[in-house]
Ligand code: GCO
């Protein structure tokens, strides 16, 4: 009798129910052993990347500048004073880098296309050399037996469009449509798995509300229109892909975190609700036809000023999958002085918990909680973990990187993904953030998330112990 059958049989009797705690203590219900086969044969394994973070070649072959080129060249925007001009030079070393994915026995390469490499001015003339670069990336994946998974937007709007307001200008709808028409027609014959947006909350909130990321804009006056136009493009992007790509598997990705009350106290419940609406619900619910979560987050009512007749309908799209991206959890504490959110997140450092080099709490159960949460939406059909990973200080010793903490992180998080899967969550894949160390936005190159170590002076690569662990774990 297997575990499930036993549970069912016991659950049916009073004596059985009394026995459950005892069996639990004996470890009978301990998490299933972590193995590739425990996830099933169809489960997909891969790595995720983003164009600006890895490509370099910032002005190669006719590429136009994006907001990240401008922002990273601006004084004091990047903590380390660095920029993505060269980064991992994936623009030139893509074949070697894609080969690492194969070596790790993974099947998926998730990457994004840089809008301004393809349309240097954002609209109008197409740069054939830019288009060709991704043709080479896609063909290399296919030659190596990898599935290319393409994200249309990972935060790098062309500077020429930002000069006209970027995501705050409603014209972004037609600009973005033009771009997605071009890439779907160019790559749709070979790319079947598409993600419209990468973490809409992150780029609109960090880039247009807090000003910590490109384009460095601040305030609700920028954030709200940027968020609304992104929501509209999120759905429209899905429609264009559906129209232009035969047999497409279409999703979009969200940054998701479990939000919990400070010291578990009820007095923070409203704050938790507001943060949850902001972090987890703001972009998915309009797509599902539920509208914006205004009841939980009154500040979002300001969006009404930017809504036009028919927008409610245009925000909807029937995604084939949702990409869940999880790194940590957040603890919310009420504080009525804080405008709009009426509360703050309590930094992990102040809570004396284990953290990564980003200062994020290591909290494996968080991924289980967000998977359960997103799976509970009736119209979410399937889920992929499109990002999960961690930064720890890595040391190269005799040509090796013994990143034991990262290996442990993956083991613990994967056990929680498996737990959710075994409880019926339709999670069908897991993509590590990220293939190799790269430009970590406003943090520069200091925080390393890769399975492959990059020496940014020599461009030398070393597969870390974590990469070797995946290689072994995923070996047939
Ligand atoms: C994100 C982005 C990645 C980041 C990663 C680590 O999720 O923020 O997709 O570009 O590098 O999350 O911060």
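From the residues in the range 334-357 that are within 25 Å of the chain's Cα centre (by Cα) and part of a helix (DSSP H, G or I), which one is surrounded by the fewest Cβ atoms within 10 Å (Cβ to Cβ)?
349
Only one residue in 62, 57, 124, 84 is within 29 Å of residue 177 (Cα to Cα), at pLDDT 95 or above and within 15 Å of the ligand (Cβ to nearest atom). Which one? Steps first, answer last, please.
Numbers: 62 fails: within 15 Å of the ligand (Cβ to nearest atom); 57 fails: within 15 Å of the ligand (Cβ to nearest atom); 124 fails: within 15 Å of the ligand (Cβ to nearest atom).
None of the other options fit; the residue is 84.
Within the range 395-413, can you find the residues that are touching a residue at least 24 places away in the same chain (Cβ under 8 Å) and surrounded by fewer than 20 Cβ atoms within 10 Å (Cβ to Cβ)?
Residues of the range 395-413 touching a residue at least 24 places away in the same chain (Cβ under 8 Å): 396, 399-404, 406-407, 409-413.
Answer for the range 395-413, where residues must be touching a residue at least 24 places away in the same chain (Cβ under 8 Å) and surrounded by fewer than 20 Cβ atoms within 10 Å (Cβ to Cβ): 396, 399, 400, 402, 404, 407, 411, 412.
Scan the range 438-473 for residues that are within 11 Å of the ligand (Cβ to nearest atom) and surrounded by 20 or more Cβ atoms within 10 Å (Cβ to Cβ) and jot them down.
Scanning the range 438-473 gives 438, 439, 440, 441, 447, 448, 449, 450.
Would you pick out the residues in the range 39-79 that are outside any loop (DSSP other than H, G, I, E, B) and farther than 26 Å from residue 253 by Cα?
First, pick out the residues of the range 39-79 that are outside any loop (DSSP other than H, G, I, E, B): 39, 44-48, 51-54, 60-62, 66-73.
Once the filter is applied, which keeps residues that are outside any loop (DSSP other than H, G, I, E, B) and farther than 26 Å from residue 253 by Cα, the range 39-79 yields 60, 61, 62, 73.
Considering only residues of the range 103-142 that are out of contact with any helix residue (DSSP H, G or I) (no Cβ under 9 Å at 6 or more places or on another chain) and in a helix (DSSP H, G or I), which is farthest from residue 55 (Cα to Cα)?
Among those that are out of contact with any helix residue (DSSP H, G or I) (no Cβ under 9 Å at 6 or more places or on another chain) and in a helix (DSSP H, G or I), it is 142.
Scan the range 161-181 for residues that are surrounded by fewer than 19 Cβ atoms within 10 Å (Cβ to Cβ) and part of a helix (DSSP H, G or I) and report the count.
The number of residues fulfilling the criteria is 5.
Which one of these does residue 293 not meet: (1) in contact with a helix residue (DSSP H, G or I) (Cβ under 6 Å, 6 or more places away or on another chain); (2) part of a helix (DSSP H, G or I)?
The one condition residue 293 does not meet is (2).
Would you confirm whether or not the range 182-195 contains a residue that is within 17 Å of the chain's Cα centre (by Cα), within 22 Å of residue 433 (Cα to Cα) and within 14 Å of the ligand (Cβ to nearest atom)? Let's see the steps before the verdict.
Taking the range 182-195 and keeping what is within 17 Å of the chain's Cα centre (by Cα), we get 193-195.
Now narrow it down to the ones that are within 22 Å of residue 433 (Cα to Cα): 193-195.
Filter once more, so that each one left must be within 14 Å of the ligand (Cβ to nearest atom): 195.
Yes.
Test each condition in (1) within 19 Å of residue 279 (Cα to Cα); (2) surrounded by fewer than 18 Cβ atoms within 10 Å (Cβ to Cβ); (3) in contact (Cβ under 8 Å) with a residue 60 or more places away in the chain for residue 230 and report the one that comes out false.
(2)
The values are calculated or read from the model by the stated rules, or taken from the named source; none is laboratory data. Everything numeric here is computed off the predicted structure, so don't read it as measured data. As a convention, Cβ positions derive from the backbone with ideal geometry for all residues, glycine included, and neighbour counts pool all protein chains shown.
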